[in-house]
Amino acid sequence: MRKPLIAGNWKMNKTLGEAVSLARELKARLKDDAVETLICPPYPALALVAEALRGSKVALGAQDLHWEDSGAFTGKVSAPMLQSAGCLYVIIGHSEQRQLFGETDETVHKKLEAALRAGLKPIVCVGETLAEREAQRTWKVLETQLEALKGFAPATLATLVIAYEPVWAIGTGKVATPEQAQEAHLFIRKRLASLYDANLAGGTRILYGGSVKPDNVDAIMAQQDVDGALVGGASLKADDFTRIAGFKPGVAQSSE
Ligand code: PGA
């Protein structure tokens, strides 16, 4: 059984005080054992948010990492640092990193290796742009991005999470239809099976990300191969994130 994971990616939002108060509110409200919840604040807030979350069901993650453990890499943060700040998870290869900050499949591979080495659970993001979808290149793009997962001992990938985030749905309010999400998730799962085996593919959680909101989460979560959500904008409000984490699969919603 794949336990659903609802993850909040706060991106570059929240000062320290704001971060701690949102974390406290979520700690008080997210108590369901059937769903795993996670928040990923910006680096400066990590240690304080870890403190605020202590004893709660909400896990802590970071939004990126560097692949070296330490050294002369100005501005970068390493896996052991994140681990010592209380992080359990780390997001790798987010499309904003790919589009704005030069992330490549090669750096994704190195970051994945570093995260696994430090015992952090990786959330590797993949997804096509609108131009790629319109040019019918979606499957090719996903296939290429998933190559970054090659070359690991299968047992080390037990904690791997993948996030399918179509770039055209991120921050645009244009959510993929539940059918589009399911189709892509199934494709990813099949690729995992051919890169590794059916066991690994069947155990890996695949999250959907891109304009997930309280009013579309139920329909998306009702899809068989959708195991959770990576939520940006709506994770910044306690009410919205709490409602998303309390999704009710099987409830039909329009995906406007
Ligand atoms: P969004 O962002 O929910 O604001 O579309 C999702 C993400 O980028 O992880």
At 1.567 mPa s and 4 °C, Stokes diffusion of the stretch 111-249 via Kirkwood alpha-carbon radius, µm² per second: 84 µm²/s
At a threshold of 8 angstrom on Cα-Cα distance, excluding pairs fewer than six apart, so keeping six or more, what relative contact order does the chain reach in percent? 19 percent
Report, by chain and number, residues whose modeled amide H sits under 5 Å from the one on Thr129, excluding near sequence neighbours (fewer than 5 apart, same chain). Val167
Lys57 and Ala131 label points (each 7 Å along its Cα→Cβ direction) are spaced in nm at 4.4 nm
Return the subset of Lys57/Lys140; Lys57/Lys121; Lys11/Lys57; Lys121/Lys190; Lys31/Lys76; Lys150/Lys237 for which the Cα-Cα distance in this structure is over 28 Å, preserving the input order. Lys57/Lys140; Lys31/Lys76; Lys150/Lys237
Could you tell me which of Val108, Tyr89, Gln224 has its Cα farthest along the dipole of the chain towards the positive end, charges placed at Cβ (Lys, Arg +1; Asp, Glu -1), taken about the Cα centre? Tyr89
Sparse-neighbour loop sites [chymotrypsin sites (Phe, Trp or Tyr not before Pro); the stretch 56-141; at most 16 other C-beta within 10 Å; DSSP]: Phe73, Phe101
Using θ = phi - 60° and the Karplus curve 6.51 cos²θ - 1.76 cosθ + 1.60, what whole-Hz ³J(HN,Hα) does each residue of the stretch 171-182 get, with Gly and Pro shown as x? x, 9, x, 9, 7, 5, 5, x, 5, 5, 5, 4
The chain: Rg to Rh, with Rh as the Kirkwood radius over Cα pairs: 0.94
Computed about the Cα centre, the charge dipole of the chain from +1 Lys/Arg and -1 Asp/Glu charges at the Cβ has a magnitude in debye, to the nearest 20, of 500 debye
What's the magnitude of the charge dipole for the stretch 14-156 around its Cα centre, counting Lys and Arg as +1 and Asp and Glu as -1 at the beta-carbon? Answer in Debye, nearest 20. 400 debye
What does the extension gain come out to for Asp32 and Arg117, with contour length at 0.36 nm per residue minus their alpha carbon separation? 27.6 nm
The stretch 94-195: trypsin sites (Lys or Arg not before Pro) in DSSP loop, at most 16 other beta carbons within 10 Å: Arg137, Lys150, Lys174
Could you give the length gained on full extension between Thr177 and Glu106, defined as 0.36 nm per residue of separation minus the Cα-Cα distance, in nm? 22.5 nm
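Every read-out reported here was derived from the displayed coordinates using simple, explicitly stated rules and does not represent laboratory data. Keep in mind that what you see is a predicted model, and the values were worked out from it rather than measured. Positions of Cβ are backbone-derived with ideal geometry, glycine not excepted, and every protein chain shown enters the neighbour counts.
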